[in-house]
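Let me begin by presenting the structure, written as structure tokens, before commenting on it.
The values are calculated or read from the model by the stated rules, or taken from the named source; none is laboratory data. All figures in this text were calculated on a predicted structure; none of them were measured in a lab. Glycine also receives a Cβ, built like all others from the backbone with ideal geometry; neighbour counts cover every protein chain displayed.
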Amino acid sequence: MQDRDLNEYSPSRSLSSKHLSCSHRLCDKGSNCKSSQQQCPYMVSYLSENTSSSGLLVEDILHLQSGGTLSNSSVQAPVVLGCGMKQSGGYLDGVAPDGLLGLGPGESSVPSFLAKSGLIHYSFSLCFNEDDSGRMFFGDQGPTSQQSTSFLPLDGLYSTYIIGVESCCIGNSCLKMTSFKAQVDSGTSFTFLPGHVYGAITEEFDQQVNGSRSSFEGSPWEYCYVPSSQDLPKVPSFTLMFQRNNSFVVYDPVFVFYGNEGVIGFCLAILPTEGDMGTIGQNFMTGYRLVFDRGNKKLAWSRSNCQDLSLGKRMPLSPNETSSNPLPTDEQQRTNGHAVAPAVAGRAPHKPSAASSRMISSCRVHWHCYLFLLLLLVSALY
């Protein structure tokens, strides 16, 4: 999309935009308003250091292609977005220049609006390819051959996409005491693991990898290597194991540094995090079609290059049909006052190198959203 002339979204230039009033049911900050007819404000704090967005909520129309590449039909879907007026942190560094797309379980996210309108089933899929392109299908339930694992509640609520990993394997060695819970977050570029899991994985990876330990200026990762040749050596496989023996092989666990002559080094692109909750970031999702089946409360996956995707069990609903799965309320989306999980390049290194900065922004610069005929460019999509 770099050859497109993109402009920021402005409600004043849209004939279909409507400001939400403080009395609207989606207005969380309504109690701060002086009048019920005042425009509804919003404020979101992200997990990235000192990163936040605030402004006004607006309703407008999102134009989507219906039924796949051969279909000429389109859908006009009303959505609510946050039109940012004041940004901080990562926003000021140029992260997410075209905004954030809300994909969470709460009723204010885009998939929730589409499902509540009866346009799709209560699910969607994402697919990240190695060249930083990708696809998004609203309503996709994936192929019958896919593997899956159940979403887990957080504080009794399905407020975000949490899964439970039973164990981790490096090569043929499956490590004991490496079970953990993790949030699956496409807004996070890299993966973060609880300290005890991180320690076991990095120690085993270091024993199996073919390369000499090294460091690269500006790299946030601890386990980096110089290969014996200018080609990337065979990297040990990294597998996440789930219940019922379902497995998720990570196809892109390392970050590669290139020079004029080829590969100059690589790092295991995971970082430790405090507490017992990890984050599965975009680098672990690469090479997969991931289905967030919110109606059946499960995450499903199948190997894909993102270029030749069938619609699987997508089956859009007819306009007069409603979804059989109840949508969560905004109360269910909130996490007891914690910062919103999908951070702007969430929990990315505080001082990333130029290489990692490119990785952080790549999905937003190159990601071709398959369904969009019109991309609403905003400072923050609520």
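Would segment 164-185 turn up any residue that is surrounded by 18 or more Cβ atoms within 10 Å (Cβ to Cβ) and at pLDDT below 95?
Yes, that holds for at least one residue.
In segment 6-37, which residue that is small (Gly, Ala, Ser), over 19 Å from GLY106 (Cβ atoms) and out of contact with any helix residue (DSSP H, G or I) (no Cβ under 8 Å at 6 or more places or on another chain) is surrounded by the most Cβ atoms within 10 Å (Cβ to Cβ)?
Across segment 6-37, the extreme among qualifying residues is SER21.
Of the residues in segment 196-244, how many are within 13 Å of ILE270 (Cβ to Cβ) and among the hydroxyl-bearing types (Ser, Thr, Tyr)?
Counting residues in segment 196-244 that are within 13 Å of ILE270 (Cβ to Cβ) and among the hydroxyl-bearing types (Ser, Thr, Tyr) gives 4.
Hey, any hits in segment 62-75 for a residue that's at pLDDT 80 or above and touching a Lys or Arg at 6+ places or on another chain (Cβ under 7 Å)?
no
Kindly provide the set of residues from segment 35-57 that are touching a residue at least 24 places away in the same chain (Cβ under 8 Å), outside any strand (DSSP E or B) and of a type in the set (S, T, N, Q), ordered by number.
Hits for segment 35-57 are SER48, ASN50, THR51.
Say we look at segment 241-257 and pick out the residues that are outside any strand (DSSP E or B) and under 21 Å from the mean Cα position of the chain (by Cα); which of these is surrounded by the fewest Cβ atoms within 10 Å (Cβ to Cβ)?
TYR251
Hey, among the residues in segment 102-143 that are among the hydroxyl-bearing types (Ser, Thr, Tyr) and in contact with a helix residue (DSSP H, G or I) (Cβ under 7 Å, 6 or more places away or on another chain), which one's farthest from LEU157 (Cα to Cα)?
The extreme case among them is SER133.
Only one residue in ASP60, ASP93 is acidic (Asp, Glu) and within 15 Å of TYR46 (Cα to Cα). Which one?
ASP93
If I filter segment 120-128 for residues that are more than 29 Å from MET285 (Cβ to Cβ), of a type in the set (S, T, N, Q), surrounded by 17 or more Cβ atoms within 10 Å (Cβ to Cβ) and modelled with pLDDT of 85 or more, do I get at least one hit?
No: segment 120-128 contains no residue that is more than 29 Å from MET285 (Cβ to Cβ), of a type in the set (S, T, N, Q), surrounded by 17 or more Cβ atoms within 10 Å (Cβ to Cβ) and modelled with pLDDT of 85 or more.
Output the residues belonging to segment 258-287 that are buried (at least 16 other Cβ atoms within 10 Å of the Cβ), aromatic (Phe, Trp, Tyr) and more than 13 Å from the chain's Cα centre (by Cα).
Selection gives PHE266 alone.
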